[in-house]
Amino acid sequence: MSIDRAPHAPVLRARPTIVHLDADAFFAAVEQHQRPSLRGRPVLVGGVGPRSVVATASYEARQYGARSAMPMEQARRLCPPSTVVVVPRFAAYSAYSARIMAALREVTELVEPVSIDEAFADVAGAVGPETDLRALAHRIRERARELSGLPVSLGLGRSKLVAKLASEAAKPGGVRVVGADDEDAFLLDLPVRALWGVGPVSAARLDELGVRTVADLRRQPLDTLLLVAGEAGGTNLYRIARGWDDRPVTTVRERKSAGAEHTFDTDLHGRAAIAAALDPVVDAALARLERHAVAARTVVVKVRLASFTTLTRSVTLPRPTADEGALRDAAHRALRLADVTEPVRLLGVAFHALSEHAQLMLPLGDEAAEAPAEPADAVPLPAPSPSGPVRATAANVAPGLDVATAADGRGWVVRVGDDGRVAVRFETARTGPGYQRWVDPDAEDLTLVEPLGPDGEPIRPVPPDDDA
């Protein structure tokens, strides 16, 4: 196979002006910031059911081998008995995220959030020839800590690729600046798995060629990489091995999907039970779609069987719609197309082909077509904050949720006892480590309360639009 062309090398900036900021162990860091008794202890954020997974593990928990996406039961076995498990509180995380992003926006308007805990920024317009970029990077990091109270890592490079790798190298809580003259020394010793676009399958194929570091990858000719990874993948490997990445920082990101999925504590048996369980997942996915004020044309259903086989089926509508009935009907049609006969452990629903424009849909007919689909977006959905005092009971609380009593003030649920009592630790970031006691919800007024933000004030629910 002959190659008569090579990927064009982009013209890179003379100075590193792309920032990548990443909050370290973000969810766990928020919990430790708000709950002083958790500082220095292993913390696992995630579900508490028998099939839950870890959303974030604190650095203390990572020392024992716990990590994100690991089954929670496995992580708990690895960690010591002092480990604390709490459920995610997305309202709190969003408030902290806004403060971290504000530190970047004080320097430049060119900020591109890529997730709730990380973002790129282009500071080229905010610096001059004499600007000390290393000092600027340290100021941004310290400002993010000042606004949020959380440690962040920051990388600075000539491209998104290098800036991202630099922030990874700076963890936890550090700064790494990679200048033009330092790029090769920085990149070449990195493991090839550190690069974007190199997943487990690609890494295994490259390992067969003896490619384990970026230096090994750079020595491979383009035609070899095309054979290993195909036209697009091979070209990408050739480019990133040389640090070539000319993607700009963009302030508007196109949302590709919106969805939700749920892993059941026990397997679902029978078509009727599986179909009934789909509706709550559809409800969660619709809530996310509505929150982003977009319509969808393709509805994808993901089914994971008890055997861990995963099926995806989709229905594509004639035109984008935000009509809940049409989207729900499409989800159920997609489930029927999966023709599930085995027990099911997980259901997911995702909306694709999103659009800001929607048309009212007639009942789904023969125009719907099956199409291949990507797996559903599995990011957990925020739970709505209580709009007023809601009495806490053993049935509606979980470890990590915010509660209060008139006598003790604000605290958080440590665990729920088999007898219906709730162990609560009464503390906030302002009070310092607090005391813990068991509360009987039947005998005391224990209420659910809104989470706190970085400023220590409750995060109020967004009121409905009176004109709606």
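So the values come out like this:
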read-out	value
The chain, dipole about Cα centre (Lys/Arg Cβ +1, Asp/Glu Cβ -1), debye to the nearest 20	1060 debye
Computed E for residue 77/residue 337 - FRET, C-beta separation, R0 45 angstrom, nearest 0.05	0.70
Accessible surface, per residue, of segment 63-214 when the full set of protein chains is kept, probe 1.4 Å, Å²	46 Å²
Computed [θ] at 222 nm, deg cm²/dmol, the chain (DSSP H ≥ 4; -39,500 (n - 2.57); rounded to nearest 500)	-9000 deg cm²/dmol
Order by protection proxy (mean Cβ within 10 Å, highest first), peptides 102-108, 268-274	102-108, 268-274
Rel. contact order, % - alpha carbon contacts under 8 angstrom, at least six apart, the chain	15 percent
Long-range lysine pairs (8 or more apart or interchain), the chain, Cα under 26 Å	4
Burial order of peptide ranges 423-431, 157-165 (average beta-carbon count within 10 Å, highest first)	157-165, 423-431
Cβ-Cβ FRET estimate between residue 290 and residue 181, R0 fixed at 60 Å, reported to 0.05	0.75
Farthest positive-ward along segment 56-161 dipole, Cα basis, beta-carbon charges - from 78, 101, 59	78
Residue-span extension gain [residue 205 to residue 94] - 0.36 nm each, minus C-alpha spacing	36.1 nm
Value of relative contact order over segment 79-207, rounded to a whole percent, pairs C-alpha under 8 Å and six or more apart	15 percent
Correct option for mean projected area of the Cα convex hull in nm² [calculated from the coordinates] among [x] 21.1; [y] 22.9; [z] 26.9	[z]
Residues residue 355 and residue 189, FRET efficiency given R0 of 56 Å [Cβ-Cβ distance, rounded to 0.05]	0.80
Computed label-point distance, nm, for sites residue 105 and residue 323 using a 7 Å Cα→Cβ extension	3.7 nm
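The values are calculated or read from the model by the stated rules, or taken from the named source; none is laboratory data. None of the values given here were measured: they were computed from a predicted structure. Note that we place each Cβ from the backbone using ideal geometry, even for glycine, and neighbour counts take in every protein chain shown. SASA here: full protein model, heavy atoms, side chains in, ligands and nucleic acids out. Shrake-Rupley method; radii C 1.70, N 1.55, O 1.52, S 1.80 Å.
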